[in-house]
Amino acid sequence: MPNPKRRHSSTRRDKRRTHYKATASALSACANCGEMKLAHRACPSCGYYSSRSMLIPKS
Amino acid sequence: MRHKVKGVKLNRTASHRKALMRNLATSLIKHKRIKTTLAKAKALKVYIEPIITKAKENDLSAKKYVMELIKEKDVVKTLFNEVVETVSERKGGYTRVVKLGQRLGDAAEMAIIELVDYNEAANLKAAESKEKKEAKAKEKKEKKTEETEEANIVEEKSSKKK
């Protein structure tokens, strides 16, 4: 079986990883309470979706 | 191709899945809205809508069919006596799934599934928007008839001149 001839240095490894980036999720303000929320989901702070409350809010 | 593939397996054996779907369906009819994972909510939608449609036939064979699937007698009773009447206007699409975001612990996407006709807030809003729409349509119609009337008058005048 073929095997790597040389060990990759940590610099080489780290250079490869410079392109692994996390992207910020696209949030928008809730129409009801103004809190930032994910699209197509009920607002986690006030429970509103499509301008009405989806939740009987957890106490 | 996913032709003719209905439903999802949900990482369960056939019997486990069957029991799960029955439990979810029972809970939904009992409580009208339940919170579960998005995958289960979507699976439940496919499972329960034909049951409700069948129940709308409201005869003995429909009852027997539903009793096979929903084991709690009280729940079957509420389905036939109460739910069927409430959803009678609707031809399918009895449920609504709203995403809630990810659960802490396993980051599963959560959702609420509810019987559409039992969400009073939503119904109020729908009725309101419908009224508004109708009023608008009416206004438009009136305007149109007025315009045509005016046009007719003008036409009459011009014809008289001739």
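The values are calculated or read from the model by the stated rules, or taken from the named source; none is laboratory data. Note that the structure is predicted; figures quoted are calculated from it, not measured. Note that each Cβ is placed from the backbone with ideal geometry, even for glycine, and that neighbours are counted across all protein chains shown.
Tabulated results
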| item | result |
| --- | --- |
| Selection count where residues are closer than 19 Å to A:Arg41 by Cβ and either touching a strand residue (DSSP E or B) at 6+ places or on another chain (Cβ under 8 Å) or not assigned by TED's automatic domain parsing to the domain that holds B:Arg33 (or both), scope region B:84-115 | 16 |
| B:Val66 under 30 Å from B:Ala25 (Cα atoms), away from chain A (no Cβ under 14 Å) and modelled with pLDDT of 85 or more | yes |
| Lone qualifier among B:Glu68, B:Glu114 - being out of contact with any Leu (no Cβ under 7 Å at 6 or more places or on another chain), buried (at least 17 other Cβ atoms within 10 Å of the Cβ) and acidic (Asp, Glu) | B:Glu114 |
| Matching residues in region B:115-138 - criterion: being more than 10 Å from chain A (Cβ to nearest Cβ) and in contact (Cβ under 8 Å) with a residue 60 or more places away in the chain | B:Leu115, B:Tyr118 |
